[in-house]
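Presented below is the structure to which this report refers.
Just so you know, all these numbers are worked out from the coordinates, no wet-lab data involved. Note that the structure is predicted; figures quoted are calculated from it, not measured. Neighbour counts run over all protein chains shown; Cβ positions are idealised from the backbone, glycine included.
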Amino acid sequence: MGTNRFCEELTALLPRLRRFARGLTHDAADADDLCQQTIERALKARQQWQEGTRLDAWVYRIMRNQWIDEVRARTRRSQTFVHEDEGMNVGTTGDSDAENLVELGNIGRALARLPEEQREAVVLVLVEGFAYKEAAEIIGVPQGTLTSRLGRGREALLRALGEAA
């Protein structure tokens, strides 16, 4: 694949990458930074990607590893994470959309409360639509482990959303 085509396909992934980054970081600014760092790394490591494999899964793996590195660095610097009450700020404004905004906020807060391993599984499978096998490869765990994390994450989300209703 030529460099131009690689860049075009990478650019086409941006909306999905932003959504995944937001799911990992819980903060718009951190998500934007993570996207930028991920794209930068993907471009630098372009030769490591094997044509014929899924570009999206490869880039998601880069993003996840980048975020893990960032979390470790923040921990070393004793920084704190964004409060989970910030939610995801997704949706449109207007009186007719008020209920949808409240529900999105509830979902965002419930998602933010999940342990990292469950949140990753939920975002990759339920939000991004990856197959279990692909999501397991992105995270680097056996498929059974991903399935277990996803099941626990779903149950926790349903409990949290039931309480919010």
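Apply the Karplus parameterisation 6.51 cos²θ - 1.76 cosθ + 1.60, with θ equal to phi minus 60°, to every residue of segment 133-143 and state each ³J(HN,Hα) to the nearest whole Hz, in sequence, with x for glycine and proline.
For segment 133-143, the Karplus-derived couplings read 4, 5, 5, 4, 5, 4, 6, x, 10, x, 4 Hz, x marking Gly and Pro.
Subtract the Cα-Cα distance of E40 and E155 from 0.36 nm times their separation in residues, and report this length gain in nm to one decimal.
That works out to 37.8 nm of additional length.
If we count every other residue with Cβ under 14 angstrom of G2's Cβ, Lys/Arg +1 and Asp/Glu -1, where does the sum land?
It works out to a net charge of -1.
Which of the peptides 30-37, 17-24 is most tightly packed, and how do the rest follow, going by the mean number of other Cβ atoms within 10 Å of each residue?
Sorting 30-37, 17-24 by mean packing, highest first, produces 17-24, 30-37.
Tell me the Kirkwood hydrodynamic radius of segment 121-165 in angstroms, computed as one over the mean inverse distance between distinct C-alpha pairs.
Computed over segment 121-165, the radius equals 10.7 Å.
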